[in-house]
Amino acid sequence: MSSQEGKYNIKAVSKMLGIQPGTLRAWERRYNMIAPVRNDSGHRLYTEEHIKILKWLITKVNKGFTISQAVNLLENTNLSSEGPIAVSASSESPDHALDLMEELLFALLSFDENQAHELLNKAFSLFSIDKVLIDILGTLLVKIGDMWENGKITSAHEHFASSFLRSRIGIILHTLPVNGLLPKVVSVCGPGEWHELGLLIFTLYLRRKGFEVIYLGTSIADGDIDIVLEEVNPKFLFYSCTLQENVSKTVETVDGLSQKYRKLIIGLGGSGFNKAPRERLKNYESLFVGDTKNQWDNWLKERLSV
């Protein structure tokens, strides 16, 4: 039987999920999150997909969300028909990091700064800095970026979330010790780029490993990078590019710097490169640092051993 075929009546769903039929009807009428099919007698019939969506919503309600908040989160995270399946499975696992990430997402999209601070404090109290940065904030940034690019949130939402996260990550960044035996690093966004949070997380990863990182943040004026490189004389230069439209200018800049600074090791990262046609970037494959902590570790290890 197809997962899209009506299978359960409202009495069966009520018993299966522990929700009163009247509550379920009210949710459907008020929020339109599912649309049960009707049999020949006009009775509601729920599909397997409806059950998965309802399980997901009930899980959020049981964690303290109101039903309107849960429905809003469901809509804002742009879950496809298969999305709730994956989320439902995760919700039944003990991965509290995922739950915290979703709660933090909702707080930021609600412009609730106090709640966002509380949730992030809770995350740091429960998990290591690396797990918070990579598993929670890294995943959160991808979600926010995708939602903004797909028109699911406004630029105001994106700016508020970015400002909040930039502030919190920046506080940690400047408290970490530096290992003077490790080479210096410069990190900066590519030309035209102002989405810096992915680069900031990667910079924090480098600082956690003891590297002295000169973090320049968003795009700087043409030619200014030369001043920094000549003053600092770093071993590594990392460029981040989030928007595909800025990829060409970024690799053009990298080409010029590679010719001028032969000993400089350049690394590239960001969703802009991931979305660009691979054929277009085939000559730069060795420069991509990857998207996960393991990939970052391996990329650095290979180049430090040379």
Within segment 126-140, does at least one residue satisfy the condition of being assigned to a helix (DSSP H, G or I), aromatic (Phe, Trp, Tyr) and over 20 Å from Cys241 (Cβ atoms)?
no
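Sort out which residues of segment 197-236 are basic (Lys, Arg) and in contact (Cβ under 8 Å) with a residue 60 or more places away in the chain, and write them in order of number. Steps first, please.
In the first step, residues of segment 197-236 are kept if they are basic (Lys, Arg); the result is 207-209, 235.
Scanning segment 197-236 gives Arg208, Lys209.
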Go through (1) surrounded by fewer than 19 Cβ atoms within 10 Å (Cβ to Cβ); (2) on the phi < 0 side of the Ramachandran plot; (3) at pLDDT 85 or above for Phe111 and report which single condition fails.
(2)
Would you check if there is a residue in segment 274-281 being free of Cβ contacts under 8 Å to residues at least 12 places away in the same chain and either crowded, with 19+ Cβ neighbours inside 10 Å or under 23 Å from Trp148 (Cβ atoms) (or both)?
yes
Return the residue satisfying two criteria in turn: it lies in segment 57-104 and is among the hydroxyl-bearing types (Ser, Thr, Tyr), in a helix (DSSP H, G or I) and modelled with pLDDT of 70 or more, and of such residues it is least open to solvent (accessible area, probe 1.4 Å).
Thr59
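Which ones in segment 1-56 are among the hydrophobic types (A, V, I, L, M, F, W, C) and assigned to a helix (DSSP H, G or I)? Let's see the steps before the verdict.
Step one: list which residues in segment 1-56 are among the hydrophobic types (A, V, I, L, M, F, W, C), which gives 1, 10, 12-13, 16-17, 19, 24, 26-27, 33-35, 37, 45, 51, 53-54, 56.
Result: Ile10, Ala12, Val13, Met16, Leu17, Leu24, Ala26, Trp27, Ile51, Ile53, Leu54, Trp56.
In segment 207-239, how many are among the acidic types (Asp, Glu) and under 21 Å from the mean Cα position of the chain (by Cα)?
Restricting attention to segment 207-239, the residues satisfying the condition of being among the acidic types (Asp, Glu) are 212, 222, 224, 226, 230-231.
Okay, now just the ones that are also under 21 Å from the mean Cα position of the chain (by Cα), so none.
Final tally of qualifying residues: 0.
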Selection from segment 193-238 of residues out of contact with any strand residue (DSSP E or B) (no Cβ under 8 Å at 6 or more places or on another chain), at pLDDT 85 or above, buried (at least 16 other Cβ atoms within 10 Å of the Cβ) and not aromatic (Phe, Trp, Tyr) yields Ile201, Leu204, Arg208
State yes or no: is Val178 on the phi < 0 side of the Ramachandran plot and in contact with a strand residue (DSSP E or B) (Cβ under 8 Å, 6 or more places away or on another chain)?
no
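Filter segment 239-251 for residues that are in contact (Cβ under 8 Å) with a residue 12 or more places away in the chain and not aromatic (Phe, Trp, Tyr) and give the result.
Ser240, Cys241, Thr242, Leu243, Gln244, Glu245, Asn246, Val247, Lys249, Thr250, Val251
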Arg166 is checked against (1) open to solvent by 70 Å² or more (accessible area, probe 1.4 Å); (2) over 23 Å from Cys241 (Cα atoms); (3) touching a residue at least 12 places away in the same chain (Cβ under 8 Å) and fails just one. What number does that condition carry?
(2)
Does segment 146-160 contain at least one residue that is open to solvent by less than 30 Å² (accessible area, probe 1.4 Å), in a helix (DSSP H, G or I) and in contact (Cβ under 8 Å) with a residue 40 or more places away in the chain?
yes
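Give me a count of the residues in segment 172-206 that are more than 18 Å from Glu230 (Cα to Cα) and more than 20 Å from the chain's Cα centre (by Cα).
Filtering segment 172-206 for residues more than 18 Å from Glu230 (Cα to Cα) gives 172-182, 189-206.
Now narrow it down to the ones that are more than 20 Å from the chain's Cα centre (by Cα): 174-182, 191-192.
Of the residues in that region, 11 qualify.
The values are calculated or read from the model by the stated rules, or taken from the named source; none is laboratory data. Note that the structure is predicted; figures quoted are calculated from it, not measured. We place every Cβ from the backbone using ideal geometry, glycine too, and count neighbours over all the protein chains shown. Areas reflect the complete protein model, heavy atoms only, side chains present, ligands, DNA and RNA absent. Shrake-Rupley method; radii C 1.70, N 1.55, O 1.52, S 1.80 Å.
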